[in-house]
Amino acid sequence: MPSHSTPSQTVGPFFSIGLNQLNRADLAEGNAGERVVIQGRVLDGEGHPVPDAVLEIWQADADGRYHHPEHTAPRNDATPFVGFGRIPTDDQGQFSFTTIKPGPVHGPDGKPQAPHIQISVFMRGLLRQLITRMYFPDEPLNSSDPVLRVVPESRRETLIARPTEPEPNSLEWNVLLQGENETVFFDC
Amino acid sequence: MKPLVGYRKPAPGTQPNHLYPPYVSSIKRAPKRPLISIPVTLSEITGPTFPKEVASPDAFDLTRQHKGEPLGERIAVSGRVLDEDARPIRNTLVEIWQANAAGRYLHKNDQHNAPLDPNFTGEGRTFTDDDGRYRFITIRPGAYPWKNHYNAWRPQHIHFSLFGPAFATRLVTQMYFPGDPLLEFDPIFHSVPDDDARRRLISSFDWLSTEPDLSLGFRFDIVLRGRNATPMER
């Protein structure tokens with residue numbers, strides 16, 4: 001007889017004891033592709049920085065392949081792109097990570113999804129993780145992406161990073177937990 | 001191309017909502033707008049896998065990470081990690097962390113006036129075996145006060161973090177102990193609306209894993225989201 005999944009509980013304030021060993025803010029190291037640096041902040045409903053959050057990243061490699069048995073795209077690389085990162089916020093609620101811009105992964109209808117990074121957000125006060133995505137600016141595929149298309153147009157911007165000029169390949173993307181520009185979070 | 005098969009949505013009441021005002025920290029941190037449902041894509045049904053090296057063979061034993069043994073009641077915590085169809089989740093990473101026997105975390109922000117234990121860090125990692133089994137040796141964590149409300153105390157608990165086969169199966173939870181009188185008053189525990197679901201967070205005392213003259217055993221089985229039924233092959 002099927003049973004139900006175990007309930008989620010908050011990571012609480014002291015998760016770094018158990019989770020820091022897998023911290024990884026450089027996903028790009030030793031891998032081919034366009035390097036990007038992504039920086040941002042996590043802000044609560046009063047606009048205060050959240051110093052005790054941790055982000056987990058999951059993404060495809062530069063050719064749009066996930067390092068996972070479910071993704072059957074052929075590969076022959078000796079050191080596959082792992083695609084996982086874990087990045088805690090600092091005392092100012094800031095995070096930063098370096099990665100390879102993922103290639104387009106095919107979507108449910110066989111058409112390509114726009115390049116994106118899957119992100120889970122954990123913190124004290126969150127009884128379940130929040131799930132969101134970060135997309136890239138000026139990306140032609142954004143307009144046909146099957147996930148962006150189900151997001152009301154007025155809120156799509158919260159998922160698209162902004163270039164931080166004049167730095168090349170440097171992007172800013174923030175997580176706003178509440179407020180007028182609350183980040184879009186997904187049920188998936 | 002094969003159709004993509006997603007993971008089941010939780011049954012109503014079996015998972016906490018993001019906002020649960022008795023847990024005061026949720027008020028400014030839970031999103032106010034409804035979550036947006038999205039179609040199944042490869043991005044949610046794939047997920048990270050980890051090499052065995054991330055959990056050294058002795059990382060399951062939290063009582064042997066220092067020169068001496070930690071103070072407290074030595075316990076074995078074991079169980080199985082299954083999906084909602086009772087299939088074992090094999091070779092998946094399990095991370096845990098906890099307070100010491102005095103109810104103090106080895107963390108700069110823990111100001112509870114209780115002693116640190118030089119022989120206890122409070123973190124462990126292991127992988128499940130081919131039957132989905134895992135096992136940790138540790139000491140029973142103490143209860144500790146927190147600032148949620150007047151005279152608030154967290155029940156004894158161990159934090160668990162699991163990945164499962166996909167981004168969609170990621171789970172962070174807490175394991176509690178049977179008979180803990182503080183459970184009744186704990187808003188984090190009570191954030192789960194469904195009584196049966198909430199009770200599944202409580203481990204059971206287990207003679208089978210209790211070792212004579214060594215340690216009490218507690219059993220904690222964990223269920224990760226199951227897969228939707230696969231469409232018939234045409």
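The values are calculated or read from the model by the stated rules, or taken from the named source; none is laboratory data. Everything numeric in this text was worked out from a predicted model, so none of it was measured. In this analysis, Cβ positions are derived from the backbone assuming ideal geometry, glycine residues included, and neighbour counts consider all displayed protein chains.
Before moving on, here are some points about what is shown:
- Among the residues listed as B:GLY124, B:GLY132, the single one being surrounded by 21 or more Cβ atoms within 10 Å (Cβ to Cβ) and at positive phi: B:GLY132
- Filtered residues of the range A:5-25 (kept if part of a loop (DSSP other than H, G, I, E, B) and either at pLDDT below 95 or β-branched (Val, Ile, Thr) (or both)): A:THR6, A:THR10, A:VAL11
- Looking only at residues of the range A:151-174 that are at pLDDT 95 or above and in a loop (DSSP other than H, G, I, E, B), we find that the one that is nearest to the other protein chains (Cβ to nearest Cβ) is A:VAL151.
- Among the residues of the range B:199-225, those that are under 25 Å from B:ILE89 (Cβ atoms) and charged (D, E, K, R) comprise B:ARG199, B:ARG200, B:ASP206, B:ARG219, B:ASP221, B:ARG225.
- Single residue of B:ALA114, B:ALA59 found to be under 18 Å from the mean Cα position of the chain (by Cα), among the hydrophobic types (A, V, I, L, M, F, W, C) and part of a loop (DSSP other than H, G, I, E, B): B:ALA59
Results for (1) touching a Lys or Arg at 6+ places or on another chain (Cβ under 7 Å); (2) part of a loop (DSSP other than H, G, I, E, B); (3) facing chain A (nearest Cβ under 9 Å), shown as yes or no for each residue.
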| site | (1), (2), (3) |
| --- | --- |
| B:PRO12 | no, yes, no |
| B:PRO22 | no, yes, no |
| B:ARG29 | no, yes, yes |
| B:PRO39 | no, yes, yes |
| B:THR49 | no, yes, yes |
| B:GLU53 | no, no, no |
| B:ARG64 | no, yes, no |
| B:LEU71 | no, yes, no |
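- Of the residues making up the range A:26-60, those that are away from chain B (no Cβ under 12 Å), in contact with a Pro (Cβ under 9 Å, 6 or more places away or on another chain) and in a loop (DSSP other than H, G, I, E, B) number 2.
- With respect to the conditions (1) buried (at least 16 other Cβ atoms within 10 Å of the Cβ); (2) within 9 Å of chain B (Cβ to nearest Cβ), A:ASN20 falls short on a single one, namely (1).
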